[in-house]
Structure formats: C-alpha cells, structure tokens
Amino acid sequence: MNKYENLHRKFQNREQILGTNIMLIASGPMIEVINEDYLDYVLFDMEHGIFNNENLIPLMQTCRLCGLPAFVRVPDHTNFHIARCLDFGANGIMLPRTETVAQVKAAVESMRFPPIGHKGKGGYCQVRAGETLADFNKNRYLLVQIESPVGIEALPEMLDLYGNEIAAIVIGPYDLSFTMGMPAEFDRPEFQAAVKKIFDICLSKGKSVGIFCDNTAQAKKYREMGANFMWMCTDDQIVKAGLRSIIAPLAKT
C-alpha cells in the first residue's frame, strides 16, 4: 500500500497522520531526504512561507515522483489559489482563518469537479496516473483551519453541511491564542478549553482533528486529548534543533 492509499485510510479511520510544515526550503532534493517511511505528508506554506506559483510546481512534481502526499496552505479562500495548487499536483489544501460556512462552501466548489463544485479540467499535474475524475474528488483533501472563537462557534454548522467534504479540522494555536487575547499563552485554562471544545466537536462527528505542534511533548499531549492529524514543526525549527543537538555541544567543550 502506497502513501496515498495509507493517507486515505488514516483519514477514514482517524488513525495518526504525521507530517511537517515547509516554509523556507524550496528544494526538491530536500524533499527526497525527508521522505521517511513514517512521514505521511508535507505541507508547503503559501500563507507565511516563501512559496508562490512558480517555485511550488517543481516541489509538487518531486513529491509526486517520491510518492509523498503534499498539502498547501493557501494564502486565502479564493478560487485562484485553491484551484491552481491542485493543478500543480497538491493532494490537499489547508484553509487558514476559516470562520464561516461560506468560506468552506467556496473552498469545496474550488476543489471539486462538477457536479459537486466548479473546478476546471486543466493543469498538467492535477490528476495522477490511473486516476478518474471521481477519484480526484474523493482523494483531494480539504483541511479547515480554525483560528478564532468565531470559527469555533461556526464549526458545528461547517461539519453538518460539509463534513463529507472536509478531511480534517486543524487548529492554528498561535492565531487562536492571539484572537483570544492571550498571545502564545498555550497553558492558559481558557486556551486549553477552546482546544478541547474543538476536539470534542470533531470527535462527536467522527472527524479527524489536529493542531500545529512545536515539539514532541505538545504533540503527545494533544494526541492524548484526541488529535490524530499531527502537524509538526517547521523546516527552520528542524534545522535549528539539528544544529543545537549536534553542533552546539561541541562549542561548549
């Protein structure tokens, strides 16, 4: 079973899904280096990272040649960004700052071919070898990012209306803490209660749910709370951690 098939099964069964966030390293060879068996996906960040239409294309091609599922966090909810990323070969879209059912509806329509949506049939890399258009509609994943109290309140309706089209709900902890008036104060009871509320809503509806984690301790904590979509670290964090664990100790001897 390849990684695409594994990923589909894991979403369906709410099994652990493990991946990382690429923000600064636009390197095809690096994708090959990090494509370990335990890595289910990589996410390229167009919202906060360096990626654009031009430098994303070769990375999508490398991921496809490596058999590594690739998601893209788009800058906003427009059809242009969502459909283009799928044209380039993305296996899914992360939708930031989602607060309304209308935003989810627009994303679904941009991602799906008719009759579900209105995505155009184009793009050199959008369909994998052997895929039908029905396969495409089933195997391109929408990750809805909740980052505010407004989004939390709208979440049940999003899942009631579009749960079949949403692969997972993913919390953006930094922006959620900012919109709650407690920037990066993740241990505050109010913040933890908000995270638990999101998890509980998703678990009650049998939906995969996750959160960005800076480290293994955070990931283990949130996994115990019910998260199964693990979105771990950024490429710059991983490079820094490697330097600190391998090179920095020599500077102290």
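Every read-out reported here was derived from the displayed coordinates using simple, explicitly stated rules and does not represent laboratory data. These figures come from a predicted structure and were not determined experimentally. We place every Cβ from the backbone using ideal geometry, glycine too, and count neighbours over all the protein chains shown.
Computed about its Cα centre, the charge dipole of region 3-247 is approximately 500 debye, with only Lys, Arg, Asp and Glu carrying charge at their Cβ.
Net length available on complete extension from LEU39 to ARG188 is 50.5 nm, with 0.36 nm assigned per residue and the Cα-Cα distance removed.
Along region 70-75 the Karplus relation, 6.51 cos²θ - 1.76 cosθ + 1.60 evaluated at θ = phi - 60°, assigns HN-Hα couplings of 10, 10, 10, 8, 7, x Hz to successive residues, with x for each Gly and Pro.
Exposure proxy for LEU243, LEU161: other Cβ atoms within 10 Å of each Cβ, ordered fewest to most, give LEU243, LEU161.
Each Lys and Arg adds +1 at its Cβ and each Asp and Glu adds -1 at its Cβ; summed about the Cα centre, region 196-247 shows a dipole of about 220 debye.
Within 10 Å of each residue's Cβ, count the other Cβ atoms and sort MET225, MET111, MET60 from fewest upward. Can you show the working numbers first?
Working: MET225 15, MET111 26, MET60 23.
So the residues, fewest neighbours to most, are MET225, MET60, MET111.
Computed from phi, the 3J(HN,Hα) profile of region 174-186 under the Karplus parametrisation 6.51, -1.76, 1.60 (θ = phi - 60°) reads 5, 5, 4, 5, 5, 5, 8, x, 9, x, 6, 8, 6 Hz, with x in place of Gly and Pro. The protection proxy used here, the mean number of other Cβ atoms lying within 10 Å of each residue, ranks peptides 50-59, 72-81 as follows, highest first: 72-81, 50-59. The simple Förster model, with R0 at 41 Å and r as the Cβ-Cβ distance, assigns ASN164 and ALA241 a FRET efficiency of 0.60. Looking at region 158-253, the GluC sites (Glu not before Pro) that sit in a DSSP loop and have at most 13 other Cβ atoms within 10 Å of their own Cβ are GLU185. In percent, rounded to a whole number, the relative contact order of region 1-140 is 19, using alpha-carbon pairs under 8 Å and six or more apart.
Candidate cross-link partners of LYS138 among the lysines, defined by an alpha-carbon separation under 20 Å and a same-chain spacing of 8 or more, comprise LYS3, LYS10, LYS105, LYS119, LYS121, LYS205, LYS207. Report summary: the helix-based calculation at 222 nm, which adds -39500 (n - 2.57) for every DSSP H run with n ≥ 4 and divides by the residues of the chain, gives -14500 deg cm²/dmol. Placing unit charges on the Cβ atoms only, positive for Lys and Arg and negative for Asp and Glu, gives region 63-172 a dipole magnitude near 500 debye about its Cα centre. In a fully extended conformation the segment linking TYR174 and ALA102 would gain 23.6 nm over its present Cα-Cα distance, using 0.36 nm per residue.
Site pair ASN52 and GLN16 shows an inter-label distance of 3.9 nm when each label is modelled 7 Å from Cα along Cα→Cβ.
Among 20-28, 136-144, sorting by the average number of other beta carbon atoms lying within 10 angstrom of each residue, highest first, gives 136-144, 20-28. Just to be sure I understand the curve: with the Debye formula and one point per C-alpha of the chain, what is log10 I(q)/I(0) at q = 0.08, 0.10 Å⁻¹? Rounded to two decimals, the profile gives -0.30, -0.47. Remark: region 178-246 is approximated by an ellipsoid whose semi-axes, taken from the C-alpha gyration tensor as √(5λ), come to 25, 16, 9 Å, largest first.
Less than 5 angstrom separates the built amide H of ILE171 from those of ILE146, GLY210, ILE211, PHE212, all sequence-distant by 5 or more or on a different chain.
The residue list PRO183, LEU203, VAL33 was ranked by how far each Cα lies along the charge dipole of region 3-247 toward its positive end, using unit charges on Cβ atoms, and LEU203 comes out on top. Can you give me the C-alpha center-to-center distance between region 123-161 and region 184-243, rounded to a whole angstrom? Value for the Cα centre distance between the two parts: 20 Å.
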